[in-house]
1. Is it the case that B:L270 is within 14 Å of chain A (Cβ to nearest Cβ) and among the hydrophobic types (A, V, I, L, M, F, W, C)?
2. So which of A:T192, A:T203, A:T179 is among the hydroxyl-bearing types (S, T, Y) and free of Cβ contacts under 8 Å to residues at least 12 places away in the same chain?
3. Give region A:162-206 a look and list any residue that's within 13 Å of another protein chain (Cβ to nearest Cβ), under 12 Å from A:G95 (Cβ atoms) and out of contact with any Ser or Thr (no Cβ under 8 Å at 6 or more places or on another chain), or say none.
4. For A:M63, work out the one condition from (1) at pLDDT 95 or above; (2) within 10 Å of another protein chain (Cβ to nearest Cβ) it doesn't fulfil.
5. Return the residues of region A:81-118 that are over 23 Å from the mean Cα position of the chain (by Cα) and either of a type in the set (K, R) or more than 18 Å from B:Q198 (Cβ to Cβ) (or both); say none if nothing qualifies.
6. Quick check, is A:Q151 under 18 Å from the mean Cα position of the chain (by Cα) and either farther than 17 Å from A:I194 by Cβ or without any contact (Cβ under 8 Å) to a residue 24 or more places away in the chain (or both)?
7. Find the helices (runs of 4 or more DSSP H) located wholly in region B:59-129 whose residues include 2 or more that are of a type in the set (S, T, N, Q), and list them.
8. Among the listed residues A:G122, A:G76, identify the single one that is surrounded by fewer than 16 Cβ atoms within 10 Å (Cβ to Cβ) and either away from chain B (no Cβ under 13 Å) or acidic (D, E) (or both).
Amino acid sequence: MTGVPVLSVRNIRRSFGEHAALDGVSLDVAQGEVVAVIGPSGSGKSTLVRCVHQLEPIDSGAMYLDGELLGHEHAGDRVRPLPPRRVAEQRRRMGMVFQQFQLFPHWTVTRNITEAQVRVHGRDRAQAHERAVELLAKVGLADKADAYSRQLSGGQQQRVAIARALATRPRIMLLDEPTSALDPELVDEVLTVIRDLAAAGLTMIIVTHEIAFALEVADRFVFMDRGRVVEQGPVADVLGDGRSDRLRAFLSRYTQQRGSAREEGARV
Amino acid sequence: MTTTATPHDLGHVDVATARPRPRPWRWLLGALIAVGLAQVAWFVTHNPRFEWPVVAEYLFDPNVLAGLGTSVLLTVVAMLAGSVLGVLLALGQLADFGPVRWVCTLYIGLFRGIPPLVQLLFWFNLAYLLPRLSIGVPFGPTFGSWSTNDLITPLTAALIGLTLHEAAYMAEIVRAGILSVDPGQRDAAMAMGFTGGQTFLRVVLPQAMRVIIPPSGSQFISLLKGTSLVSVIAMTDLLHAVQTVYNQTYQIVPMLIVACFWYLVVVTALSFLQQRLERRFGRGQRSTRGEWLA
């Protein structure tokens, strides 16, 4: 890895009462790298990206975006939390895609994409609109510019959500199980968009249950279990020698479940 | 009766040619309603004590219209001020800073619990408790001072009392509205770099409005009717205006009908406005009738 990582997570912990959702997680993401975070439910994958985006506080450790401390500032020989306005500024440099899409239902598709550009980044409406048109074309929804989210399928909503996150040209995209809430036949259209982003060199962390897709599109995998990073490495080595039994068990169980679920047409 | 078709008959029936089922209970109920309405209409038109000519005479009486104006003014001002205060109280109740939460909860408990009539009398008699009102540094110098009796007129007492009462109710309505919005919406807005204020005003509140408006409409209506209480502090609202007339003429029933007429006119106008607002804030949502609102 050369230079400063885009994102650097150092030994972060996050507990909910007695339960440690993140139990000392460290992770570096280099410019242009796509990292797939995999692992069983409740392993802390989603908490990790939510903490990186400062939607949840961390109890200890530190995180850096382009070398800048996230969420805190130096004050004397210690650090103190940043004021909310500064936290908002840091969030603007990251894009987030949620499992449940979270489009704003009271705005049209276009307004969903333009509003942050205008209100947060101070672009003028025409400029923001141009960017929205360009992004909607990119995700294949140019004809839905004036639709409301309820009029779109889940897959279309998630593609708009991706366009919305891209609108402000984030340094890194955080995708939190982007296809988990979708009907099986709608998964592929979203994966296609994500694949294009990866090919375009966007830096991304993808939390996903789509193991096959993750291994195809990512440069590196991170396997988490019970709040810890159990293993990580290049995706090519995910099944290689020296991989832990836990990862092997997860992968075999997962492919089995996935297969049987597909046959029943159920959502996974 | 069910008829079982032999395989030979299949395909010989088309339900599009079906005749309606006879529904005798509906006919009976319809007849009862028609008779009841006819009876009410007969009573209203043929009972001389309604004194319809008197109603007509006073319907547009300048004093009655002035009273109506006062009632509507009190309602609108108290509703607007009460709503703004209510939103702040709702936010206070949801704040993560304990003392703010406690103060707001205490306020709501207090002002929802005290009858508005008692509050009106209390504010009107504020001078007994505080002879002078002044602005200044607490326990320090004062910059200005006024006699309470000069400031607390029937109008200001009515506005303060109704606003504070209304704010307590609106706070609960707004809080329910805010809680009805998916917390993920707040996450998504914050994730895009909106500040807390932008997130609330542009994302959370507009969606909360769908839940806030219907009970607010009822609140507005009960506030309008609640303005009839201000006659106790010598405020000439609609009710007080008709009372002034019938205290001299003893035409109680026709004058009350005049008041009812105007209350119903305003309430009907409000209901219409509420419908418009519901459509406005229902954008992107499916209506109860199934069509898209846009």
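The values are calculated or read from the model by the stated rules, or taken from the named source; none is laboratory data. Predicted model only: the values in this text are computed from it and were never measured. Because the Cβ atoms are built from the backbone with ideal geometry, glycine has one as well, and the counts that use them run over all protein chains shown.
1. On the way: within 14 Å of chain A (Cβ to nearest Cβ): no; among the hydrophobic types (A, V, I, L, M, F, W, C): yes.
Criteria not met by B:L270.
2. Numbers: A:T203 fails: free of Cβ contacts under 8 Å to residues at least 12 places away in the same chain; A:T179 fails: free of Cβ contacts under 8 Å to residues at least 12 places away in the same chain.
Sole residue among the options that is among the hydroxyl-bearing types (S, T, Y) and free of Cβ contacts under 8 Å to residues at least 12 places away in the same chain: A:T192.
3. Of region A:162-206, the ones within 13 Å of another protein chain (Cβ to nearest Cβ) are A:162-177, A:181.
Of the ones still in play, those that are also under 12 Å from A:G95 (Cβ atoms) are A:162-176.
Within region A:162-206, A:I162, A:A163, A:R164, A:A165, A:L166, A:T168, A:R169, A:P170, A:L174 qualify.
4. Unmet for A:M63, out of (1) at pLDDT 95 or above; (2) within 10 Å of another protein chain (Cβ to nearest Cβ): (2).
5. Selection gives A:P81, A:T108.
6. Values: under 18 Å from the mean Cα position of the chain (by Cα): no; either farther than 17 Å from A:I194 by Cβ or without any contact (Cβ under 8 Å) to a residue 24 or more places away in the chain (or both): yes.
Considered against the rule, which asks whether it is under 18 Å from the mean Cα position of the chain (by Cα) and either farther than 17 Å from A:I194 by Cβ or without any contact (Cβ under 8 Å) to a residue 24 or more places away in the chain (or both), A:Q151 comes out as no.
7. Numbers: elements: B:62-93, B:98-113, B:116-124, B:126-129.
Helices (runs of 4 or more DSSP H) meeting the threshold: B:62-93.
8. Details: A:G122 fails: either away from chain B (no Cβ under 13 Å) or acidic (D, E) (or both).
Testing whether each residue is surrounded by fewer than 16 Cβ atoms within 10 Å (Cβ to Cβ) and either away from chain B (no Cβ under 13 Å) or acidic (D, E) (or both) leaves just A:G76.
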